[in-house]
Structure formats: structure tokens, C-alpha cells
Amino acid sequence: MRDPRFTNETTAFLRVALQNTLPPGHNLEVEAMRQGIEYLHHVCNEKFYGTFTGTLEENTVKTNSTEIPITVYTPTDANKGKLGIYFHGGGWVIGSRKSHQTIVNTIADATKTIWISVEYRLAPEHKYPIWLDDCCDVTQYIIQNKTNFGVNETAKIGVAGDSAGGMIASSVARTIEGIDFQILIYATLDVIRETPSYNEFTHQMYNATPEIMDWFTKHAFETSQDLKDPRISALYNTSLQDVPPCLFIVAELDALRDGNLEYQKLLEKVGVQTKLLLVKGVIHGFFSLHGVFPQACAESMNTIQDFMASI
């Protein structure tokens, strides 16, 4: 099946995805899913590997409970006045710094900003709140030690993420003091799925189906009550006045779309500066697949450049 609103890029992606089809959600195994997302991103983005023009540094951040691996992307002639922290998507269960490296090195190159990609611990081995606490702890450390990463003492710190990583970024921005901006890329902001777009995009061709969302939440959370925690469901927050400026990158044909639209309304209502780009004709996950969605990603990257220049 094909939605007539699909761009040529979306149609091309679905052809690639069909060649790497996995069984229905209830039959999926965690390790197979992890291997699948790594392979799909490798197939789609291989031509971008090794193209980063700056320097990469592998490091760790020691927290109270563990050591979290990070990758520091420092572009040539980096702006020392800003630093970004990136949390990859994958439903809190799959995905990695490796699968999402193209996003981070492209943003770093395009904005001439130092970015740090975080390898937080994944569920089901480490269920909520472990993976979110990891991200908060790493962010707090980076803020307190930002000059160690090549920026000025007065540098502005931002957080970003896609899908589940976008949910993490939004939660960190509400929790940790000292965040100056946030970039949410088709973020999972309505985890309990009350917004209309969840009923509109149920077919497998839209990628983020209710079935796969159920699979992720079952593995990432101990109980369904966790989903109503304001740390998780952005729309359940009633005090948002101190949230930093926010850029939303939203896919038009995505079950997660309306959660982002609603969260923007909540932020604007209390006077938070926001900007939203609705990318037409694309589905959930497009931004991590630059090799298949070059035009959609270029449009998004231009918006990110403009937003960061305004901060």
C-alpha cells in the first residue's frame, strides 16, 4: 500500500525497508530488533560514514551508578559559544550512537557546533527510570564541566533527540537547570497515545504503528502507570514556564505528530519561544536516514541551522 501523500523519498525508503522486513511486533526479539536498526541505518547511510570534517573523541561520563560512553563531535572552526547533547531514538530499547551517527555529525558540521552523543543504557535490561536518569546525570556533568569539551564558560547548552530520544531531551529540558535550547525531532511526547494521529496512522507503512509502540513500552517500563509520569508524558506537565526555547521537527504522516503539535501549544501558551517545521509527505524516522531522505533532511537541517543561529 502507498499513501498518495508520500514523497518519492518515502516511497524509496519503503522499498528498502521491505527488503529488510521483520515479523509482526509480538514475535520480535530484542536482539533481532537491535541488529535490524543498525543494519538498516548502515544500508541507508553508509555513504556518509567517514565524511565528518572535524574530530571525534570517544569518552565516558562516570555517574553514581555506572559509566556512560559518549562521542564528542568537534567540527573544524567550531563555535565555542554553544554545545549540544544528543539522545538517539529507538524506543528506549534499540538504537545507539553508531546507528544515529549521521544525524549528529551532520548537525555538528552544518551548525559548526560541538555535539555530544550519549550511549544511555537501554531497556529491557535497564527499564525506566534508569535510562532517563542516565541522560539527566550525563547532562548535568556536561553542564558543570563544559569547558572540558572545548567551549567557553558562558557557552549555551542545548539538548536534542529523535523519537524516544526526543522524549528524553524534552524531559531533561524540564528537569535539569542550565539548558538553553532544545530540538525535538518527531519526539514521543504523548506516550499514552491520546492524540488523534495515533488513530490515523495505524498501517505498517507508517513505521511507528500502535503494535510497535506497545512492544517498546512493554520493554521499557515496569508498569503502564509509569507512562503517566510527567517526566515521561510531556502533555501531563502543568508548569512549563521555565522550559527553554524549543524547535520541533515533525513528520506529517506520523502517529507521533499530534503529540508534538499539542506540546508546542502548551509551551506557547506560557510564553516559551518555539518554532515548528512540519515536513510534508514523510513518515516517522526519516531524519536518521539521510541517505534515503536527502531533501527532507536538508529542509530540516536548514531549519536547525536557523534556530541555533537565533539562540
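Per-structure values
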quantity	calculated
Test result for residue 243, more than 16 Å from the chain's Cα centre (by Cα), more than 17 Å from residue 179 (Cβ to Cβ) and touching a residue at least 12 places away in the same chain (Cβ under 8 Å)	no
Tabulated pairs, segment 95-107, first in contact (Cβ under 8 Å) with a residue 60 or more places away in the chain, second among the aliphatic types (A, V, I, L, M), C-beta under 6 angstrom, 6+ apart or interchain	95/37; 99/37
Filtered residues of segment 163-173 (kept if in a helix (DSSP H, G or I), in contact with a strand residue (DSSP E or B) (Cβ under 8 Å, 6 or more places away or on another chain) and among the hydroxyl-bearing types (Ser, Thr, Tyr))	170
Pairs where the first residue, in segment 202-220, is within 19 Å of residue 123 (Cα to Cα) and the second is part of a helix (DSSP H, G or I) and of a type in the set (Asp, Glu), C-beta under 9 Å, 6+ apart	217/226; 220/226
In segment 80-111, residue nearest to residue 164 (Cα to Cα) [restricted to those that are in contact with a helix residue (DSSP H, G or I) (Cβ under 7 Å, 6 or more places away or on another chain) and charged (D, E, K, R)]	98
Counted residues, segment 174-204 - those being farther than 21 Å from residue 100 by Cα, touching a helix residue (DSSP H, G or I) at 6+ places or on another chain (Cβ under 9 Å) and either outside any helix (DSSP H, G or I) or of a type in the set (A, V, I, L, M, F, W, C) (or both)	13
Boolean, residue 292 is touching a residue at least 12 places away in the same chain (Cβ under 8 Å), more than 20 Å from residue 10 (Cα to Cα), out of contact with any strand residue (DSSP E or B) (no Cβ under 6 Å at 6 or more places or on another chain) and aliphatic (A, V, I, L, M)	no
Subset of segment 157-202 that is closer than 26 Å to residue 215 by Cβ and among the charged types (D, E, K, R) - its residue that is surrounded by the most Cβ atoms within 10 Å (Cβ to Cβ)	162
Selected residue (only one of 270, 243 is out of contact with any helix residue (DSSP H, G or I) (no Cβ under 9 Å at 6 or more places or on another chain) and more than 22 Å from residue 100 (Cβ to Cβ))	270
Residues that are assigned to a helix (DSSP H, G or I) and modelled with pLDDT under 95, drawn from segment 15-31	15, 16, 17, 18, 25, 26, 27
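The values are calculated or read from the model by the stated rules, or taken from the named source; none is laboratory data. Bear in mind that the values here come from a model prediction, so they are computed numbers and not experimental data. Quick reminder, even Gly has a Cβ in these numbers, built from the backbone with ideal geometry, and neighbours come from all protein chains shown.
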